[in-house]
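What follows is a single structure, written as structure tokens, with notes after it.
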Amino acid sequence: MNIYFYNTVIGKVAIGEKDGSITNVCFGVDALPQDTIEEETPLLMEAAQQLKKYLIGQLQTFTLPLNPAGTPFMKQVWTQLGTIPYGTTATYKEIAIKIGNGKACRAVGLANNRNPIPIFIPCHRVIGSNGTLTGYRGGLAMKEALLGIERK
């Protein structure tokens, strides 16, 4: 896997690519995936450009090939996350219902937490049933900042 680090308005972000698809986004505190080569590729440059445009409010939809590694259930959840419109949020329960298992709220939360491509797969758009922000790998301040960008 190729990985490259970019300085952004939300801090240092590493984007990973394997076999022509984006596979990982890592924040400054994350452990990097094993067997990585730090080398910028054209796809990583494009992903960084789209990320930077998103972070300044100039891009609402990413057009990148994504290939997150996970279980079939996780992939189903991540696909559903991708349908949450820019500037809106959904609850864990709403996602569970949309994938056909309204009782899977906790499992949806776990899949959300394990999303290897945050921001590009918008797990930050998932909130608690009472409307509060819940955990985010980059921290709640980052989640709030990302939602703030989308509210503008």
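No value in this document is a laboratory result; all are computed from the given coordinates. A quick note: this is a predicted structure, and the numbers were derived from the prediction, not measured. For neighbour counting, all protein chains shown are included, and Cβ atoms are generated from backbone atoms with ideal geometry for every residue, glycine included.
Could you work out how much longer the chain between GLU39 and THR71 gets when fully extended? Use 0.36 nm per residue separation minus the Cα distance between them, nm to one decimal. Intermediate values should be presented prior to the final figure.
Numbers: separation 32, 0.36 × 32 = 11.52 nm, distance 2.79 nm.
The GLU39-THR71 span can extend by a further 8.7 nm.
Rank PRO42, GLN60, ALA14 by how far each Cα sits towards the positive end of the charge dipole of the chain (+1 on Lys, Arg Cβ; -1 on Asp, Glu Cβ) and give me just the farthest.
Of the options given, the answer is GLN60.
With an 8 Å Cα cut-off and a minimum separation of 6 or more residues, compute the relative contact order for the stretch 2-55 in percent. Working shown, then result.
Values: 73 pairs, mean separation 19.8, N = 54.
Answer for the stretch 2-55 is 37 percent.
Which value, to two decimals, describes the C-alpha radius of gyration of the chain once divided by 2.2 N^0.38 Å?
Values: Rg = 14.8 Å, N = 152, 2.2 N^0.38 = 14.8 Å.
That ratio works out to 1.00.
What is the chain's relative contact order, in percent, from Cα pairs under 8 angstrom and six or more apart in sequence? Could you put the intermediate results ahead of the total?
Numbers: 223 pairs, mean separation 31.4, N = 152.
It rounds to 21 percent for the chain.
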